[in-house]
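Written below as structure tokens is the structure these notes are about.
The values are calculated or read from the model by the stated rules, or taken from the named source; none is laboratory data. Since the structure is predicted, the reported quantities are computational estimates derived from the model, not experimental observations. Counting neighbours? That spans all protein chains shown, and the Cβs are built from the backbone with ideal geometry, glycine included. Areas reflect the complete protein model, heavy atoms only, side chains present, ligands, DNA and RNA absent. Shrake-Rupley method; radii C 1.70, N 1.55, O 1.52, S 1.80 Å.
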Amino acid sequence: MSVSNQVSTIMGRHAIIIGGSMAGLLTARVLSEHFARVTILERDPVDDVPEARKGQPQTRHLHALLARGLEIMTRYFPDLPEALAANGAIVGDLGDLVRWYTFGGYRLQRKTGLVGASMSRPLLEWLVRQRVLALPAVRLIDNCRVEGLVFDASQQRVAGLQIERRDQEQGLETMEADLVVDASGRGTLEAAGFGRPLESTVKVGVGYATRLYRRKPSNVEETEFFIVTGEPPHDKRSGLIFPIEGDRWICTLAGLAGDHPALDEEGFMAFARSLAAPDIYNQLVKLEPVSDIVGHKLPSSLRRHYEKMRTFPKGYLVLGDAICSFNPIYGQGMTSAAMQAEALDTLLRERPSTAMDGLAKEFFQRAARIVDIPWQLAVGADFQYPETEGKKAMGTDLINAYVTKVHRATQHDPVVYQEFLKVMNLIQPPASLFHPRIVGRVLRPRRIPVLRPAFEPVAGD
């Protein structure tokens, strides 16, 4: 589906988006074709450089853009892949670039046609922000605090926001809008009198630590992505090291159920050496660190079921992490936000201009279907560990037993591997792994020896 070959509709004069991160920026791009003016409100100061802001605790950790996310963003910003590559990001076939050890062996490493990107989150956000703010209809107000919603006389429709610009001394002011979208990720704006959405919470206790290293891009091995994931239920540790812009590596080590990496040099390296395969440790012992070690913890995955609310104010939507935030190790957050923004665009194009009533109900139903897939993937995988707390869907253990066989089949079967990557990249639903064509290949007996490299010795070993 091309953005350019659809007829856009003008829904109103002004739309406001709360939050200037990826979800907010993508929403602004979408709404720029449906509203005469679009204003992004960001609570942190924003400079025209790639930067990790105070209100973005995960920005300094490893991010990768899945194939579905890059596909959507490229439709809205056709020159984005070239801009990423020109700024030093690695854009390429995810099947070919990733060396991935999991469930006792290495997945196949071959071309799949699924193109993704590895870069720092600040670089991607900066490139997208430049393109969004170049649109005539869009403006950004940074260093701006949102105080609350403003309702019309009926108290059923949001008519704007009360805001405070921290760099000015005029106090609270009212900004009117035909539509307000909360893409802040915090879900803090509860519509007065409308209640709270039901929540699903799965406590997984993930913690991770990240460090940057110097990279030599002249070596072909310096553009591979390395992933090592432990085999549940006993091995809760994983690690990733990806090449990014600035001739750097970014390495994130992670653990579940409180088994977290240390934030000191000795503990960080010991955690890397404890992983199920030595690939990441063998890289780290050869590399020069160029940053401190930074940590972050996410106690629980959280989903807010706005689609189940009986009443919801008109002129107001919620999008992105405020709908669903899940275990970041699976790398699905930015792509999920892009899919939600795309769904909003499609919905607005289908509606007559001025037909704003009922928008929230239809959008939340579509967003729920989008979120279902990454939620099932992330939470289902988390329930492979007995320490995970939360409501487990019926049949989860049986599905996980089968998915374990899928993981092992990706080590030798190219058809299963291709379908698995489509699911992980949110191109196909998980149900595609249960197609008879795939089930037959997954259950086919196959044992092959897997040669693991040894740990490379370092001084003092």
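Quick look at the values:
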quantity: Total residues in the range 131-178, condition without any contact (Cβ under 8 Å) to a residue 12 or more places away in the chain and either crowded, with 19+ Cβ neighbours inside 10 Å or hydroxyl-bearing (Ser, Thr, Tyr) (or both); calculated: 1
quantity: Long-range neighbours under 6 Å by Cβ, at least six apart or interchain, first residue over 16 Å from ALA89 (Cβ atoms) within the range 106-129, second open to solvent by 10 Å² or more (accessible area, probe 1.4 Å) and of a type in the set (S, T, N, Q); calculated: ARG107/GLN411; THR112/GLN418
quantity: Every residue from the range 115-148 that is in contact with a Phe, Trp or Tyr (Cβ under 9 Å, 6 or more places away or on another chain) and farther than 30 Å from LEU212 by Cα; calculated: ALA137
quantity: Qualifying residue in the range 300-321 (condition: more than 30 Å from ARG157 (Cα to Cα) and within 14 Å of the chain's Cα centre (by Cα)); calculated: yes
quantity: Breaking point among (1) at pLDDT below 95; (2) under 18 Å from LEU62 (Cα atoms); (3) of a type in the set (Lys, Arg), for ARG237; calculated: (1)
quantity: Enumeration of residues in the range 285-299 that are aliphatic (A, V, I, L, M) and either assigned to a loop (DSSP other than H, G, I, E, B) or open to solvent by 50 Å² or more (accessible area, probe 1.4 Å) (or both); calculated: VAL285, LEU287, VAL290, ILE293
quantity: Criterion violated by PRO217 - all others in (1) at pLDDT 80 or above; (2) open to solvent by 40 Å² or more (accessible area, probe 1.4 Å); (3) over 30 Å from GLN155 (Cβ atoms) satisfied; calculated: (1)
quantity: Search result, residues across the range 227-237 that are in contact (Cβ under 8 Å) with a residue 40 or more places away in the chain and in contact with a strand residue (DSSP E or B) (Cβ under 8 Å, 6 or more places away or on another chain); calculated: ILE227, VAL228, THR229, GLY230, GLU231, LYS236
quantity: Failed criterion for GLU362 (all others in (1) open to solvent by less than 20 Å² (accessible area, probe 1.4 Å); (2) of a type outside the set (A, V, I, L, M); (3) under 25 Å from LEU25 (Cβ atoms) hold); calculated: (1)
quantity: Residue among PHE364, PHE420 that is within 27 Å of MET309 (Cβ to Cβ), assigned to a helix (DSSP H, G or I) and over 17 Å from the mean Cα position of the chain (by Cα); calculated: PHE364
quantity: Selection from the range 381-399 of residues that are touching a residue at least 40 places away in the same chain (Cβ under 8 Å) and part of a helix (DSSP H, G or I); calculated: ALA381, ASP382
quantity: Candidates LEU253, LEU240 - the one that is touching a residue at least 40 places away in the same chain (Cβ under 8 Å) and either at positive phi or open to solvent by 10 Å² or more (accessible area, probe 1.4 Å) (or both); calculated: LEU240
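Rundown of residues vs (1) hydrophobic (A, V, I, L, M, F, W, C); (2) at pLDDT 90 or above; (3) more than 22 Å from ALA257 (Cβ to Cβ); (4) in contact with a His (Cβ under 7 Å, 6 or more places away or on another chain), yes/no style:
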position	(1), (2), (3), (4)
TRP375	yes, no, no, no
ASP382	no, yes, no, no
THR396	no, yes, no, no
ALA401	yes, yes, no, no
THR404	no, yes, no, no
THR410	no, yes, yes, no
PRO414	no, yes, yes, no
ASN425	no, yes, yes, no
PRO430	no, yes, yes, no
